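The values are calculated or read from the model by the stated rules, or taken from the named source; none is laboratory data. Since the structure is predicted, the reported quantities are computational estimates derived from the model, not experimental observations. All Cβ positions, glycine included, derive from the backbone under ideal geometry; neighbour counts span all protein chains shown.
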Amino acid sequence: MAVDVLTPGTLLVATPAEDHESMFGGTVVLIVDREPSWTVTGLVLNRRQDTPAIEQAARAALFLSDFRAPAYWGGPVGSDPVILAELEQTPEVEWFHLDQHQRRPFPLPGIGLIALGEHHEPFEGGLGRARLYVGLCVWAVVQLEREIERGDWWLTHGTVDDVFSAEPEMLLKRTRARARAHRPERPGPAGLPRPLDDA
């Protein structure tokens, strides 16, 4: 597969062949950041948790408009919460407001990551919908490419509506339909089609 498709804003959609897999089976992952030729970072969009976001992190109340909003499982790497939010892309929020000088990822236009350790004042009046995620997905680029070639993931472009779907449990069905329509042919043994992806 071409390396340049693994860019922020791309969705990794777990294929039917992976439905049995306990960690990533049935998931839809938004790529939120990429270090050139090294790592890809993503958030699982459709694993809503029973725990309210403010129970995972009290500071979430500074960034979320609904205190009853649930937290989401973002992936198996780490347990630090992060917020994905509709965020006006202005010079004031181009960089994280942290001790470490780091540019803020905007995986989709108007959608940015917020670290809970940031001062909330720069975001006042500029935040829209927001969700809190616990954990991340992190791959080496070569590892993720192999998983895609193996048929673990389909790819499609993400949208703001995907990120803030009112029914995240239905997101897999919708994104599989989009990705299936555009996925490349992957020949099986002796050039025969591979049946697993069509389950």
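Results, tabulated for the structure shown:
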read-out	value
Identity of the residue in the stretch 79-111, free of Cβ contacts under 8 Å to residues at least 60 places away in the same chain and among the acidic types (Asp, Glu), that ends up surrounded by the fewest Cβ atoms within 10 Å (Cβ to Cβ)	Asp99
The stretch 118-128, residues that are surrounded by fewer than 20 Cβ atoms within 10 Å (Cβ to Cβ) and either aromatic (Phe, Trp, Tyr) or modelled with pLDDT of 90 or more (or both)	Gly128
Residues of the stretch 1-53 classified as modelled with pLDDT under 95 and of a type in the set (Lys, Arg), total	1
Residue list for the stretch 54-78, filter: surrounded by 22 or more Cβ atoms within 10 Å (Cβ to Cβ), farther than 14 Å from Val138 by Cα and at pLDDT 95 or above	Ala71, Tyr72
Those residues of the stretch 106-151 which are in contact with a helix residue (DSSP H, G or I) (Cβ under 6 Å, 6 or more places away or on another chain) and at positive phi, in sequence order	Gly151
From Arg186, Arg131, Arg104, Arg178, residue being within 30 Å of Arg59 (Cα to Cα) and at pLDDT below 95	Arg104
Count - residues of the stretch 7-20 that are of a type outside the set (Ser, Thr, Tyr), more than 12 Å from the chain's Cα centre (by Cα) and within 20 Å of Val142 (Cβ to Cβ)	2
Residue match in the stretch 95-111 (condition: aromatic (Phe, Trp, Tyr), farther than 17 Å from Pro168 by Cβ and more than 17 Å from the chain's Cα centre (by Cα))	yes
Residue, farthest from the chain's Cα centre (by Cα), within the stretch 118-130, restricted to residues that are within 11 Å of His97 (Cα to Cα) and free of Cβ contacts under 8 Å to residues at least 40 places away in the same chain	Glu121
Enumeration of residues in the stretch 57-67 that are touching a strand residue (DSSP E or B) at 6+ places or on another chain (Cβ under 6 Å), in a loop (DSSP other than H, G, I, E, B) and either without any contact (Cβ under 8 Å) to a residue 60 or more places away in the chain or among the small types (Gly, Ala, Ser) (or both)	Ala57
Residue, nearest to Ala85 (Cα to Cα), within the stretch 131-177, restricted to residues that are among the charged types (D, E, K, R) and touching a residue at least 60 places away in the same chain (Cβ under 8 Å)	Arg131
